[in-house]
Structure formats: C-alpha cells, structure tokens
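Following: one structure in structure tokens, then a few remarks.
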Amino acid sequence: MHIARHLIATGRVQGVGYRQFLYRQALELDCTGWARNCADGTVEAVIAGAADAVNGLLEAARRGPPGAKVERITVREIEGSYAQFEIRPSA
C-alpha cells in the first residue's frame, strides 16, 4: 500500500546533516519525496512509498543523525507520489 506523509522536524536539525541523513535513509528504504530547511529553523519533508518503508523513515527522522537533537516531529497524512527523493532549496 502506497502512503505519503508530510513532516516538520523541530530542534537542532539544521547544520547537522539532517537533510542528507533523510536522503540516505530514503534511498535505503526505497522512499521518494523531498526535504528542505525552513527559515524558522525546522526541516520540512514529504515521504512517500510503501507503508512499512515510510514508517521506517519516520522512525529514522525521529532519531536523526549524530549531532542532531530532534525535539518533535509533526506528521500529517497527504497524497502524492514522487519519482525520487531530493533535497530542495531552503524555503
């Protein structure tokens, strides 16, 4: 079953390789979507793929890479599909 989720990560998630971490995890789990830094210091992302893969990437997003301190992940269901996972320019 294909699902998609929109997430906002808050905490120390910029300047610590968080978007690259999401990118690598997405490739490993065969997820598509995108991630970008936001002006308010958060990271916004969309994750799409098989339910197990998306849920696995959400768990990884909650941990983050070494150096990150993820305080909160806000997730909402969305619809959509993407050809690949990409890092988008900051918003």
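The values are calculated or read from the model by the stated rules, or taken from the named source; none is laboratory data. What you see is a predicted model; the values in this text were computed from it and never measured. Note: ideal-geometry Cβ built from the backbone for every residue, glycine included; neighbour counts use all protein chains shown. Only protein heavy atoms, including side chains, enter the accessible area calculation; ligands, DNA and RNA are left aside. Shrake-Rupley method; radii C 1.70, N 1.55, O 1.52, S 1.80 Å.
Okay, here's what the table says:
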{"item": "Tally of residues being assigned to a helix (DSSP H, G or I), surrounded by fewer than 21 Cβ atoms within 10 Å (Cβ to Cβ) and either within 11 Å of the chain's Cα centre (by Cα) or in contact (Cβ under 8 Å) with a residue 60 or more places away in the chain (or both) across region 26-54", "result": "0"}
{"item": "Region 55-67, residues that are closer than 23 Å to H2 by Cβ and more than 9 Å from the chain's Cα centre (by Cα)", "result": "N55, G56, E59, R62"}
{"item": "Region 68-81 - residue that is open to solvent by less than 100 Å² (accessible area, probe 1.4 Å) and modelled with pLDDT of 95 or more and, of those, farthest from H2 (Cα to Cα)", "result": "A68"}
